[in-house]
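Trainee: Handing you this structure, nothing more for now.
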Amino acid sequence: MVRDVEDVIIKTIARIMVPIMQVYSLYVYVHGHISPGGGFQGGCIMAASFILLAVAFNLGEAKRRLKEKAIAVFCSLGVFIYAWTGVVPLFFGGNFLDYSKWSHILPGGEVMARYYGMAFIELGVQIAVMAVMVSIFLDLVTAGRHEEVLGKDDDGFYSR
Amino acid sequence: MIQELNFIILLFAVITAFSALKVKDLLSSIVLLSAFSFFMCLIWTEMGAVDVAFTEAAVGAGVSTAFFMAALYNTTRRTKD
């Protein structure tokens, strides 16, 4: 899993599947308000694509695509987007997460503002869930020894 | 909601859950737990809770299996008890 495996079938299938999974996760996110799905499921599928990279190639490949600093930033960014989607309506006299007050900023009236609000919330959930799931996986597979893993180069080493 | 199909899927879910507890190889236990999660997903789809089923398929059968694999990677494959 963290070592490099030399298997052409697994690598080729993973190389084909990873972009499909990521596009599907964005589809699940975008259609979250009219069909089953939403930010949480889309984020899980997006995280599963990075976990597939780590399993099929090695840990360094997944970390090269999604840096550990980027994971930390995305964890906070998702919560940030969610929180400010709720806080901004407070400035216009609404309640917390009162999406209709977004119509003061965004065009399209109150009905479209509710769509925008749902999209922002789900975007925050998607980013946060994706980052947290990948972070949990990296913590589990490296047994929490991130510093010594980060200190070396990025091509498929692991000392056990 | 078809009662017979519901019963059959529930029976498979119980069988996979019980054998996941009983099997000695932890990797087989993980795969059986994933299969249990998939059968729960089928049950929820069949009962009409599609959103819950989707969450179960994404989290239960997808990500949590990878988490168990990652945890198993740092321990032994055979169980002691």
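The values are calculated or read from the model by the stated rules, or taken from the named source; none is laboratory data. Since the model is a prediction, treat every value here as computed from it, not as a measurement. As a convention, Cβ positions derive from the backbone with ideal geometry for all residues, glycine included, and neighbour counts pool all protein chains shown. What goes into the accessible areas is simple: the full protein's heavy atoms, side chains included, and nothing from ligands, DNA or RNA. Shrake-Rupley method; radii C 1.70, N 1.55, O 1.52, S 1.80 Å.
Trainee: If I build a Gaussian network model for chain A, linking alpha-carbon pairs within less than 10 angstrom, which residue out of A:GLU61, A:GLU110, A:GLU122 has the largest mean-square fluctuation?
Mentor: Of A:GLU61, A:GLU110, A:GLU122, the most mobile in the Gaussian network model is A:GLU110.
Trainee: What accessible area per residue comes out for segment A:70-132, rounded to a whole number of Å², with a 1.4 Å probe? Write down the numbers at each step before the final one.
Mentor: Numbers: 3380 Å² over 63 residues.
Value for segment A:70-132: 54 Å² per residue.
Trainee: Please compute, for peptide B:57-67, the average count of beta-carbon atoms on other protein chains lying within 10 Å of each residue's beta-carbon.
Mentor: Mean shielding count: 6.
Trainee: With only alpha-carbon atoms in the gyration tensor, what are the semi-axes of the equivalent ellipsoid for the protein assembly as shown, in Å, largest first?
Mentor: Largest first, the protein assembly as shown gives 35, 27, 15 Å.
Trainee: If you don't mind, another one. Can you tell me the dipole magnitude for chain B around its Cα centre, using point charges on the Cβ only (Lys, Arg +1; Asp, Glu -1), in Debye to the nearest 20?
Mentor: It comes to approximately 520 debye.
Trainee: Please sort by residue number the trypsin sites (Lys or Arg not before Pro) in segment B:44-81 whose DSSP state is loop and whose Cβ has at most 15 other Cβ atoms within 10 Å.
Mentor: Values: sites: B:ARG77, B:ARG78, B:LYS80; in loops: B:ARG77, B:LYS80.
Passing both the DSSP loop test and the Cβ count: B:ARG77, B:LYS80.
Trainee: Hey, can you list the DSSP H helices of chain B whose Cα span along the axis is 24 Å or longer and whose average Kyte-Doolittle score is at least 0.0? Could the numbers behind the result be given before it?
Mentor: Details: long enough: B:3-22 (28 Å, 1.54); B:26-47 (31 Å, 1.84).
Answer set is B:3-22, B:26-47.
Trainee: Provide a whole-number value for the mean count of partner chain Cβ atoms within 10 Å of the Cβ atoms in peptide A:31-41.
Mentor: 3
Trainee: What is chain A's relative contact order, in percent, from Cα pairs under 8 angstrom and six or more apart in sequence? Let's see the in-between values first.
Mentor: Values: 222 pairs, mean separation 46.8, N = 160.
For chain A, the relative contact order is 29 percent.
Trainee: Given chain A, what count of lysine pairs have C-alpha atoms under 29 Å apart, with each pair 8 or more places apart or on different chains?
Mentor: Within chain A, the lysine pair count is 7.
Trainee: With N set to the residue count of segment A:16-109, report its C-alpha Rg divided by 2.2 N^0.38 Å to two decimal places.
Mentor: Rg over 2.2 N^0.38 Å, computed on Cα atoms: 1.38.
Trainee: Straight-line reach from B:LYS22: which lysines have Cα under 20 Å away, leaving out those fewer than 8 places along the same chain?
Mentor: Within the straight-line cut-off, B:LYS22 pairs with B:LYS80.
Trainee: Springs between alpha-carbon pairs under 10 angstrom, Gaussian network model over chain B: which of B:LEU33, B:LEU42, B:LEU21 fluctuates most?
Mentor: B:LEU21
Trainee: For segment B:22-81, report the accessible area per residue in Å² (1.4 Å probe, heavy atoms, rounded to an integer).
Mentor: 53 Å²
Trainee: I would also like to ask the following. Between A:LEU26, A:LEU77, A:LEU66, which gets the highest mean-square fluctuation from a Gaussian network model of chain A, Cα cutoff 10 Å?
Mentor: Greatest mean-square fluctuation among the candidates belongs to A:LEU66.
Trainee: Once the mean 1/r over all distinct Cα pairs of segment B:22-81 is inverted, what Kirkwood radius in angstroms do you read off?
Mentor: 12.2 Å
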